[in-house]
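We did not get these values from a lab; they are worked out from the coordinates using the rules stated. This structure is a prediction, so every number in the text was calculated from the model and none was measured. Cβ coordinates were reconstructed from backbone atoms using ideal geometry, including for glycine residues, and neighbour counts include every protein chain displayed.
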Amino acid sequence: MKGRIFGLIAMMFIQSTVLNAQLLQGPLPTDKNLSFDISSKESHRFTIQLEGEQLTNFELVQKGIDVVITTYNVEGQKIKDFDSPNGKSGSEFFHIKSDVGGIYGIEVKAIDQNGLGSYDIGVIQSETLAGSPEQQMEQLLAPWDRSSSPGFAVAVVDKGAVVYKKGYGIANLEYDIPIGPATVFHIASVSKQFTVFAILLLERAGMLSLEDDVRKYIPELADFGETITLRHLASHTSGLRDQWDILAMAGWRMDDIITTEHVMKLVGAQKELNFKPGDEFLYCNTGFTLLAEVVARLTNMSFAEFTKIKIFDSLKMKNTFFYDDYERIVRNRAYSYQTSDTGLKKSVLNFSNVGPTGLFTTVEDLSLWAMNFSDPIIGDSEMFKTMDTPAVLNNGESFGGALGQFVGTYKGLKEIQHAGSDAGYRSYLTRFPNEDLSVIILSNSADIKPDWLAHEIVDIYLQNKIQIQRKEPLPSPKPRVGKLLSKKNGLHKYKGKYKLSSNSLIGVDINNGKLTYQIDGDGKHHLEAISYNKFYAKSTNTQIHFNADEQGIIRSMNLIMGGKNSKAQKLVTTQLQDFTGSFYSGELSTTYTIQLIQGKLIVKHQRIQDFELFPLGEDAFKARPWFFKNIKFIRNKNNEIIGCRVSSNRAKNVAFKKIVTP
């Protein structure tokens, strides 16, 4: 039964750095959407009056700008944020569950650093909150029940029984095939727990130990001078470089055909680690490819064959298998999609790599796997305890990572979970062992946040057991000007020398945690922040405004002194020409060429789109690609560039040598 909405009043606060706000006010109808322009400096607010015990679903369609939506209760306290990973385009679904009647708040905030766009906003439906958990799920998930977009399948296992299973959206947009509980998905990193379970089956059979050196089974792996155990591999503490990072750094595209053989060859060529095994946690897919290879070599079966016989057949998971042949035909498969500026596009996946990823399954089959933890058909409580126990670093600290899973708490309840993400596939399996509840979300849309959806469902089923979270008050609409900055939040980026058109030099430095400036070596003057990039020197009645490019790199300043506004360019301490040339990595068998083009350092590779290097510090630069975050150049005693080290988040200090041409 539909509830009654009394009215939706839009109150839009446009923030500015001069402490004034423009107020726009008007009703937002419940029978149609309204459109608003919004820029990176704006935050729009709305209020809606709702009856108690009501669920209201909304849709906000982003057009050229990324926004985050925050809801507030009748007391002005924050309920939660809503932000899907669809960037600047596509729908953001959000809802308000009104426990009591009254006026609730909605804030729409642009999160782009620079940008101008628009959005449509409106109510999808508003209904009296249903009684049973299953009916509440139907209400919650209704916005995704569409025949024009990809979606997800969901299953809930409560006390050993599947109490809910359903598909939302389309599995194949070209043929309008809907998603159902039996739709087969690639589940990405949720595969890892099955890889660990296979290893534990072999340990139970006396064929290996988690404390074994991986080189006992894979001798072609380099001897790094440190022992890497199977436990290190299973807990992301091995120190090995991540396979996807080094593949991408070597020039591979993520939609290339990538097999376990390809990965093994590249991993075998690595000569250095990210860190000493056991010293740190750093998520590493490489370890699980190696674990799957250990299983294959010890059993003389492919990893896919072993897991089928020992796990999937035993649990009657009839639609589950490791996909080790990229040409295999898969009946009832969901294909993956992502949102672009022009609409939905296919997101192609051609992996034949198993262990860290590669499992194809359904929510029905994963329900059988989840039930096996509480009522075992294969394995036992000791094996599950081994899987679920958090790993411990060399310093005795733990970090929440267990073996192929992560252990933590959600609203006061113990949770064991793992997420997955490859191409446009997104997956999440979470278990609450003390409550005997599991939730499974498998999606073929890169816009879906399956962990968020799963926790919304957990809130429904465990509403009487979860702890109430402290709610934050609605922030003041007035901008906070004059906030002091520190080195931690970016003060150091302003340091350097700036050249005026008169050839005078302005030096900017940090003293006692504050910026100082001096002109041509004269006395230093302290600068106080008046905004995030504007500073004021009381001693000279001077303002300095720093100017950044689209990458956030400070390129110039404006010096406002004595009624005159003068621009000064930031100086680069070294000649960019020094960093040009070709650089070869033996570990990756690949070459990058760096050229100086129109005053910019441009990196070229035969299989990668050109990209620019942005200065960070002495001989150090950063770049946009996720696999090429930072580069540090190396000089010899004659101050000549002879090589460089390239790092990504999960592959550190990969060595490149400058190619010397005769």
Scoring the chain by relative contact order with C-alpha pairs under 8 Å, at least six apart, yields a percentage of 12
Quotient of Cα radius of gyration and Kirkwood radius for the chain, i.e. Rg/Rh, equals 1.00
The alpha-carbon center of segment 25-89 and that of segment 267-296 are separated, in whole Å, by 44
Rounded to one decimal in nm, the spacing of the 7 Å Cα→Cβ label points at SER209 and ASP99 is 5.3
Between THR389 and residues 5 or more places away or on another chain, the pairs with built amide H atoms under 5 Å apart involve LEU403
Projecting the Cα atoms of GLN518, ILE560, PHE546 onto the charge dipole of segment 487-570, where Lys and Arg contribute +1 and Asp and Glu -1 at Cβ, the residue farthest towards the positive end is PHE546
If R0 = 25 Å, then PHE275 and ASP313, at their Cβ-Cβ distance, give a FRET efficiency to the nearest 0.05 of 0.05
In debye to the nearest 20, the charge dipole size for the chain, taken about the Cα centre with +1 at each Lys and Arg Cβ and -1 at each Asp and Glu Cβ, equals 2380
Rg from C-alpha atoms of segment 487-570, normalised by the globular rule of thumb 2.2 N^0.38 Å, equals 0.99
In nm, the gap between the two label points placed 7 Å beyond Cα toward Cβ at GLN49 and LYS159 is 4.2
Those trypsin sites (Lys or Arg not before Pro) from segment 161-260 that are DSSP loop and have at most 13 other Cβ neighbours within 10 Å turn out to be ARG253
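What are the semi-axes of the equivalent ellipsoid of segment 20-168, taken as the square roots of 5 times the eigenvalues of the Cα gyration tensor, listed largest first and rounded to whole Å?
Details: eigenvalues 164, 78, 35 Å².
Taking √(5λ) for each eigenvalue gives 29, 20, 13 Å, largest first.
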Zone reached by a paramagnetic label modelled 7 Å from ASN394 Cα along Cα→Cβ, restricted to segment 263-302 with backbone N below 14 Å, covers 273-282
Plugging the Cβ-Cβ distance of GLN606 and ILE257 into 1/(1 + (r/R0)^6) at R0 = 22 Å yields, to the nearest 0.05, a FRET efficiency of 0.80
With +1 at each Lys and Arg Cβ and -1 at each Asp and Glu Cβ, the charge dipole magnitude of segment 115-267 around its Cα centre, to the nearest 20 debye, comes out at 280
Extension length gain for ALA222 and LEU596 (0.36 nm per residue less Cα distance), in nm, is 131.0 nm
Here P(r) for segment 29-93, Cα-Cα distances in 10 Å bins, as whole percents, is 16, 51, 30, 3
For GLU618 and GLN518, extending 7 Å from Cα along the Cα-Cβ vector and measuring point to point gives, in nm, a value of 1.9
Of the convex hull enclosing the alpha-carbon atoms of segment 195-304, the direction-averaged projected area in nm² is 6.8
Residue span ASP459 to GLN135: 0.36 nm per residue of separation minus Cα-Cα distance leaves a gain in nm of 115.3 nm
Residue separation between ARG328 and TYR584 times 0.36 nm, minus their alpha-carbon distance, gives in nm 88.5 nm
Computed, not fitted: 222 nm per-residue ellipticity of the chain from DSSP H runs ≥ 4 (each -39500 (n - 2.57)), nearest 500, equal to -4000 deg cm²/dmol
Quick P(r) readout (segment 540-615; Cα-Cα; 10 Å bins; whole %) gives 16, 34, 25, 15, 8, 3
Output row, site ASN547, 7 Å Cα→C-beta label point, backbone N cut-off 20 Å, window segment 490-512, residues 493-509
Under 14 Å by backbone N from the virtual spin label 7 Å along Cα-to-Cβ at ILE377, the residues of segment 271-313 are 308-313
